[in-house]
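Down below is the structure, laid out as structure tokens.
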Amino acid sequence: MWSFVFMFALLSASLAAASDAKPPWSRDTAGPGLDWRTQARRITPKEIDGFLKNGWPMMRHLTRFQQHATRRGQGRSFGSPTYSDAVDYIVERFQILMPQINLQVQNFTHLYERTTNITLIDPDGRKVRVGSLRFNTPTDGLLSAPLVDMPLDDDTGGACTERQWAEMDVKGKIALIARGGCPVHEPALLAKRHGAAAVIMYERGGPKISSGTLLSENVGKVVPVGIVNGSTGEAWSRRLSLGKKQMVHLAVQVTVERREDYNVIAETKDGSNTSIIMIAASPSSWKLSMPTWAIFAIQASCARFGGEAQSKDGLVGSIHYASKLTKQEADAIRFYFNYDIVGSKNPEFTVFADDSADLAGARFLAGHLASRRNTTTALREFRGWSDHIPFKKLGIPCSGIFTGSEPAHDECIHRPCDTNFNPDRKVLADSTAAAIYGAAKLLCNSYDAPLRNDTQFDDWDGLRRAAERSNLCNSPGERTLF
């Protein structure tokens, strides 16, 4: 959420207020060509199909971003050179429309973290496949210490309470913990408090190496943590139960520092500045970047529409933007479209709406998807965490499209295989077509754009913490494996 938004691109489309006797733009005031509302009225499903060519415009942008990643040899996560390339490319694309839009780049900083290496050597001297957690703690070189098996309580889980730790001698040792019963940061905090040297966690019952976060608020307050699969953890636990000493060796290298992030905001020059449609998307990871290309397709076909960054690390960009809005600026935003994951291989199309205000925009998305795909599109209440949340907190009506993030929908979500070859072109084209159609229809029917529910919200820090703890977009999360 782009952050974790690490990046936030927002293009707002102005529309006339419902009470206006006539729109504030015309052929004379809209600049060369037709005014935006006239252009929007001329957007038909047939014209959209002709423009999209089964996803080709978006694939062209994806290929460009993939070239940056291939050249850099890395993904497009916040803080990386490839991420900066993505920001530059988006700004470059919006600059093409500079005579017709106002372009702004908001600069702010937030915490960057990356595990650059993690090594685990078992008691027999063999390297073990190991994963890291976000905001891990580095070791001072190779840490060697005996394992101690932490008791597992059916009621309280693995090493989640003070009592469980007080009963064990863990000072200077590496605690072996079966995950469950509490978030991963809690045992890591208790381990630090009781003098443990490090923690090795495992998921019971299989080969999976799970992911997670120790939370940015706990940087420097937790011990180093490694994650192994259930088979490895259970084997070590059995050996310890037989009284066999187990010496393991752990090395963790982590970079944690504040780095600069960006919100890219493009807004049309004409139209009413008190009645704005916002369209949001994120390029911070491969699958989340699909909507950004959709945004470029929208700007090319009917202009005045755009995208906002997505956050997988606490909705950083959208919270930063929303928290800076004055009451008058929030009142001016009549509707917010959020496009999250929209190119899944095996899609389950969902359009989100919580109430009648959200339905003002959602009905156009759902209707167009249903007719285009000749099937019913699920209309559901918002679920999970995405960049619509700060705007919902301000009472701004929202909707959006989501095609699914579970492995059953696309096994490459947040994985190295999620390259420009992975997204389904037909799914991407269908999502983009609905986004174009929905924005154009709402633009042409300003009387359907509801007013903001004048809700006061000030707990932005609390929202950041809650978002960071959540499993954003219901995705399996990124894993750092070595």
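A few points about this structure:
- Within region 406-444, restricting attention to residues that are closer than 23 Å to GLN67 by Cα and surrounded by fewer than 17 Cβ atoms within 10 Å (Cβ to Cβ), the residue that is modelled with the lowest pLDDT is PHE421.
- Set side by side, the residues ALA449, ALA467 differ, and just one is surrounded by 19 or more Cβ atoms within 10 Å (Cβ to Cβ) and modelled with pLDDT under 80, which is ALA449.
- Test: residue in region 401-408 that is assigned to a loop (DSSP other than H, G, I, E, B), among the aromatic types (Phe, Trp, Tyr) and within 29 Å of GLN456 (Cα to Cα): no
- Residues in region 351-390 that are small (Gly, Ala, Ser) and closer than 24 Å to VAL316 by Cα: 3 in all.
So that you can scan it fast, the table gives a plain yes or no per residue for (1) under 29 Å from GLU113 (Cβ atoms); (2) in contact with a Gly (Cβ under 9 Å, 6 or more places away or on another chain); (3) at pLDDT 90 or above:
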site: ILE200; (1), (2), (3): yes, yes, yes
site: GLY206; (1), (2), (3): yes, yes, no
site: ILE209; (1), (2), (3): yes, yes, no
site: PRO224; (1), (2), (3): yes, no, yes
site: VAL228; (1), (2), (3): yes, yes, yes
site: LEU242; (1), (2), (3): no, no, yes
site: VAL256; (1), (2), (3): yes, yes, yes
site: ASP270; (1), (2), (3): no, yes, no
site: MET278; (1), (2), (3): no, yes, no
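- Subset of region 155-181 [at positive phi and in a loop (DSSP other than H, G, I, E, B)]: ALA159, GLY172, GLY180, GLY181
Every residue, every condition in (1) crowded, with 20+ Cβ neighbours inside 10 Å; (2) over 26 Å from the mean Cα position of the chain (by Cα), yes or no:
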{"residue": "GLU92", "(1), (2)": "no, no"}
{"residue": "GLN100", "(1), (2)": "no, yes"}
{"residue": "PHE108", "(1), (2)": "no, no"}
{"residue": "THR115", "(1), (2)": "yes, no"}
{"residue": "ILE121", "(1), (2)": "no, yes"}
{"residue": "ARG126", "(1), (2)": "no, yes"}
{"residue": "ARG134", "(1), (2)": "yes, no"}
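The values are calculated or read from the model by the stated rules, or taken from the named source; none is laboratory data. Since the model is a prediction, treat every value here as computed from it, not as a measurement. FYI the Cβ positions are ideal-geometry reconstructions off the backbone, even for glycines, and counts take in every protein chain you see.
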